[in-house]
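The values are calculated or read from the model by the stated rules, or taken from the named source; none is laboratory data. A quick note: this is a predicted structure, and the numbers were derived from the prediction, not measured. Ideal geometry is used to build each Cβ from the backbone, glycine not excepted, and the neighbour counts take in all protein chains shown. Ligands, DNA and RNA are excluded from the accessible area calculation, which covers all protein heavy atoms including side chains. Shrake-Rupley method; radii C 1.70, N 1.55, O 1.52, S 1.80 Å.
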Amino acid sequence: MRWLTEESIEHIALGAAVLGTGGGGDPYLGKLMALEAIKTYGPIKLLSIEELADDALIVPLSMMGSPTIGVEKIPSIEELVAPLEKIEETLGQKAAALMPIEVGGVNSLVPVLAAAAKGLPLVDADAMGRAFPESQMVTFYLDGHSADPTVLADEKGNTVVITPKDGHWGEKLARAITVQMGGSSTVCDYALPGSVVKKSAIPGTLTKSEEIGRLLLHKSGDGTHPIKRLLAFLNGYKLLTGKLTDIQRTLTGGFTRGICEVEGIHDDAGRVVTLHFQNEQLLATEGEKPLAITPDLIAILDVETGQPITTEGLRYGTRVTVIAFPCDPKWRTKKGIETAGPRYFGYPVEYEPVEKLQEGGGK
């Protein structure tokens, strides 16, 4: 057990933006809200999954909807606590701890606010090891666990309890309700006992985010560029350094979808990489050749500082470095690829690990 401090939050927000691969909501907003919560309620206790009691109720808490809407429709403490209180009422059991459902973007920090307000600890784990756009894309679903009940809340005071038959139905129903709620909502789903979380969640991901943020915010003694240090930490690959020359976004079905193009500069002059996203960056191609494919992670970083840029933060002319790095092994299973691989999103390629695609170069 340790305590999350204001410095921890600063680091986690930055690291979560890298693992968010462009989605998961704006971590800057999450940081501001989490810092205010700590000032108001005090530091948050962070538990490792090994410290959870087997019969303890662990509740993930997150926001659902388009990041484009999320930056303008910021939730209150009341909206964040509402689905937690309703799921406790529905299950007839109080939560022993909260956890992020995904470690990317604002959703890494949303549970901090609710944990602070309710005096609950937070679990150092999540169910993606990154961010994904759909709610069934979690290790709990891969391991056969139910999203029933799923509770949503909005800023108007509405709460909705649904009892989906599986994770895919949970996503369909919750997404439709979220659209009716104005394009974003707060959600509790996959409330599970500690015994299940120990086996199914991806451990230590808040700490991993914190380490990434510390690495990007603080200079190394030998002056090594932060992107180079990040690639070493994540076993990642540089795909391209260049300038954003085209960005196309649409808001459909509660998602931000689109592509952006990066024209190479310096050593990469003459190359063009296209990034395809649905909230998160999911595919990087150069012509017809894939460079990195979901569920592996693709991030866009400021070329000078290494700071990550979210999907809604992409701007024409920005100088960036595009990187990719391996996903958690749970996503490379047959069910993991079926759930969050390229075919699921409609991309006409087969999944290949990024280390195979980048064999012999880029690192």
**Request:** Have a look at Pro83, Pro60 and point out the one that is buried (at least 22 other Cβ atoms within 10 Å of the Cβ), at pLDDT 95 or above, assigned by the TED database to the domain that holds Thr21 and not in a helix (DSSP H, G or I).
**Result:** Pro60
**Asked** Quick one: how many residues across the stretch 329-353 are more than 19 Å from His276 (Cβ to Cβ) and in a loop (DSSP other than H, G, I, E, B)?
**Response** 1
**Item:** Residue satisfying condition, being on the phi > 0 side of the Ramachandran plot and touching an Asp or Glu at 6+ places or on another chain (Cβ under 7 Å), within set Gly144, Gly129
**Value:** Gly129
**Fill in**
Val18 passes all but one of the listed conditions (1) assigned to a loop (DSSP other than H, G, I, E, B); (2) among the β-branched types (Val, Ile, Thr); (3) open to solvent by less than 50 Å² (accessible area, probe 1.4 Å); the exception is number (1)
**Prompt:** If Asp148 satisfies every condition in (1) outside any helix (DSSP H, G or I); (2) in contact (Cβ under 8 Å) with a residue 40 or more places away in the chain but one, which is the exception?
**Reply:** (2)
**Item:** Residues of the stretch 128-167 that turn out to be out of contact with any strand residue (DSSP E or B) (no Cβ under 6 Å at 6 or more places or on another chain), surrounded by fewer than 18 Cβ atoms within 10 Å (Cβ to Cβ) and of a type in the set (Val, Ile, Thr), as a count
**Value:** 1
**Request:** Look through Ala115, Ala95 and report the one residue that is closer than 24 Å to Gln136 by Cα and either modelled with pLDDT under 90 or in a loop (DSSP other than H, G, I, E, B) (or both).
**Result:** Ala95
**Asked** Lys289 passes all but one of (1) surrounded by fewer than 18 Cβ atoms within 10 Å (Cβ to Cβ); (2) farther than 27 Å from Ser184 by Cβ; (3) charged (D, E, K, R); (4) in contact (Cβ under 8 Å) with a residue 40 or more places away in the chain; which number fails?
**Response** (4)
**Request:** Just name the residue that is surrounded by the fewest Cβ atoms within 10 Å (Cβ to Cβ) out of those in the stretch 197-207 that are over 13 Å from the mean Cα position of the chain (by Cα) and part of a helix (DSSP H, G or I).
**Result:** Lys199
**Message:** So, in the stretch 275-293, how many residues would count as being in contact with a Gly (Cβ under 7 Å, 6 or more places away or on another chain) and not in a strand (DSSP E or B)?
**Reply:** 1
**Prompt:** Which numbered condition trips up Gly362, out of (1) modelled with pLDDT under 95; (2) closer than 18 Å to Ala292 by Cβ; (3) surrounded by fewer than 16 Cβ atoms within 10 Å (Cβ to Cβ)?
**Reply:** (3)
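Conditions tested, residue by residue: (1) at pLDDT 95 or above; (2) among the aromatic types (Phe, Trp, Tyr); (3) within 21 Å of Ala16 (Cβ to Cβ).
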site: Gly287; (1), (2), (3): no, no, no
site: Pro295; (1), (2), (3): yes, no, yes
site: Gly306; (1), (2), (3): no, no, yes
site: Glu312; (1), (2), (3): no, no, yes
site: Ile323; (1), (2), (3): yes, no, yes
site: Pro329; (1), (2), (3): yes, no, yes
site: Lys334; (1), (2), (3): yes, no, no
site: Arg343; (1), (2), (3): yes, no, no
**Asked** Do we find a residue being closer than 27 Å to Gly242 by Cα, crowded, with 18+ Cβ neighbours inside 10 Å and touching a helix residue (DSSP H, G or I) at 6+ places or on another chain (Cβ under 8 Å) anywhere in the stretch 338-356?
**Response** yes
**Request:** Run down Gly104, Gly170 and say which single residue is under 27 Å from Ile212 (Cα atoms) and either assigned by the TED database to the domain that holds Ile337 or open to solvent by less than 10 Å² (accessible area, probe 1.4 Å) (or both).
**Result:** Gly104
**Message:** List pairs: first residue in the stretch 73-94 and within 15 Å of Pro149 (Cα to Cα), second residue part of a helix (DSSP H, G or I) and of a type in the set (Asp, Glu) anywhere in the structure, Cβ distance under 9 angstrom, at least six positions apart or on different chains.
**Reply:** Lys94/Glu88
**Positions within the stretch 160-196 being of a type in the set (Val, Ile, Thr) and assigned to a helix (DSSP H, G or I), in sequence order** = Ile177, Thr178, Val179, Val196
